[in-house]
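Let me begin by presenting the structure, written as structure tokens, before commenting on it.
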Amino acid sequence: MRRLVWTPSSNRSAGLPPISSSRKILCISALAVAALTSLAATPGIASSQPVRVQAKLSQPGRNLILSLRTSRPLPLARLEQLPDAGSTRYACLALQRAGRRGGRRFCLGGGEDARRHVGLELFNAAGKITGEQTLAAEIKRPSSDKLVMALLPSAAGLTPHRYHWQVLTNLGGCGKRPAACEVNMPVRGARSFRLRQVRAIGCTGGSDGLVTNGPRDRRVVALTFDDGPSDYTPEFLDVLREKGVPGTFFEIGQEIAGREATMRRILREGNEIGNHTMHHTEFPGYSSIAPVSDLIESATHFKPCLFRPPGGAVDSAVIAAAAADGLRTITWDVDPADWSNPGSATVYSRIVEAVQPGSIVLMHDGGGDRSGTLAALPRIIDTLRARGYGFATVTGLLGGRMIYKPYG
């Protein structure tokens, strides 16, 4: 099938070429309502009535978020993830870095894959498609008239800068009059958006209490790693990054010095850091907990909200000491005893056989030889994912969120 060739646009100020010479560009400002007229019938969209659309581009944290709201539902399963020159159903976000002619567009759709991926097409200064792929993303439909796309800018090759953005739509169903399904609004210009470099500075959920697992009604688990940071930690991070999975690292204060860069990487790649006492002391008091939070914050600008008691040794006094430092106490419900180095096959089988929805899985990235756990980790992730599990940080599993702030 002939791939789409972009043609130069009369919209020189934004530099975003249209999908084809017969198509028009729909550019919708944040929360601005437009009327799309003359749309012919597609499932859920009446041809005799205009479709009102709102669009908003935002960056509440690490993710880039596009929110689309229409007066009638967009048929997500019928939209084309990688539109070609003959495509008549698409909804795409086009982004172009200010001062450059090439750019990217991200298109919703793709049938069964539509909730987990978007299409990504690259175009050069001449307006020609130079590459295409699918990209991991999260697509939600909070209501019948709203779609929300969240993607990680770095995974899409987007760096902090000012961008021009447009939303391009064609809902099809116009028969011999495809142009009737296309609208250019406004006729000239595009909206600007500044993508920021952000860093995690904290998390919600730090409070008095003990948690051993998350909600049992969702097939989501949290992978956690204790006793670091260590020389093994970067290799664990390599696996998590390759697999697109977040982890939660409970750090010992005495291990931090000299490994601050690794800790910053933990957070930069979407993972979480928790407090694991200064010297791995069981039944610790406040004086063994609070200084570690200060060390973590000094090294990373991140104030943790989670505490893990060494050995799982916990009582009301430990919980109270952690709460006094703004930390919730976290243990686990899956323990492969990898600290004893039983071998990667045993670590793997103990975890995958015990996991259930909401599990918090204990592993170790420090405190000794962790090569067995490291070797088992990719297979653990692949097996759980094949069984329908997703992954979250502990804060995310418990319904909290990371708090981000722009640099500077």
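The values are calculated or read from the model by the stated rules, or taken from the named source; none is laboratory data. Bear in mind the structure is a predicted one, so any value in this text is a computation, not a measurement. All Cβ positions, glycine included, derive from the backbone under ideal geometry; neighbour counts span all protein chains shown.
Looking only at residues in the range 244-262 that are at pLDDT 95 or above, outside any strand (DSSP E or B) and not hydrophobic (A, V, I, L, M, F, W, C), the one that is nearest to the chain's Cα centre (by Cα) is 246. Would you check which residues across the range 362-391 are of a type in the set (D, E, K, R) and surrounded by fewer than 15 Cβ atoms within 10 Å (Cβ to Cβ) and list them? The answer is 369, 382, 385, 387. No other residue among 337, 392 is within 30 Å of residue 159 (Cα to Cα) and either touching a strand residue (DSSP E or B) at 6+ places or on another chain (Cβ under 7 Å) or not polar (S, T, N, Q) (or both) apart from 392.
For the range 39-81, filtering for residues that are at pLDDT below 85 and polar (S, T, N, Q) leaves 7. Can you name the number of the only condition in (1) at pLDDT below 95; (2) at positive phi; (3) not basic (Lys, Arg) that residue 227 fails? For residue 227, the failing item is (1).
Scanning the range 325-337 for residues that are over 28 Å from the mean Cα position of the chain (by Cα) and surrounded by fewer than 18 Cβ atoms within 10 Å (Cβ to Cβ) gives a single hit, 337. Cβ-Cβ distance below 9 Å, separation of 6 or more or different chains: which pairs start in the range 289-311 with a residue that is over 10 Å from residue 274 (Cβ atoms) and end on one that is assigned to a strand (DSSP E or B) and of a type in the set (D, E, K, R)? Sorted first by the residue in the range 289-311, then by its partner, the pairs are 295/251; 300/199; 301/199; 301/405; 302/199; 302/272; 310/226; 310/227.
Out of 340, 359, report the one residue that is more than 25 Å from residue 285 (Cα to Cα), modelled with pLDDT of 95 or more and either surrounded by fewer than 21 Cβ atoms within 10 Å (Cβ to Cβ) or of a type in the set (Lys, Arg) (or both). Steps first, answer last, please.
Working: 359 fails: either surrounded by fewer than 21 Cβ atoms within 10 Å (Cβ to Cβ) or of a type in the set (Lys, Arg) (or both).
When all the criteria are applied, what remains is 340.
Residue by residue, here is whether (1) surrounded by 15 or more Cβ atoms within 10 Å (Cβ to Cβ); (2) more than 19 Å from residue 60 (Cβ to Cβ); (3) modelled with pLDDT of 85 or more holds:
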residue	(1), (2), (3)
135	yes, yes, yes
152	yes, no, yes
158	yes, no, yes
184	yes, yes, no
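Residue under question is residue 368, and the condition is that it be at pLDDT below 95 and part of a loop (DSSP other than H, G, I, E, B); does it hold? In short, no.
Scan the range 263-282 for residues that are modelled with pLDDT of 95 or more, assigned to a helix (DSSP H, G or I) and surrounded by fewer than 18 Cβ atoms within 10 Å (Cβ to Cβ) and jot them down. Give the derivation first.
Residues of the range 263-282 that are modelled with pLDDT of 95 or more, as a first pass: 263-267, 271-282.
Still in the running and assigned to a helix (DSSP H, G or I): 263-267.
Those that are modelled with pLDDT of 95 or more, assigned to a helix (DSSP H, G or I) and surrounded by fewer than 18 Cβ atoms within 10 Å (Cβ to Cβ): 264, 265.
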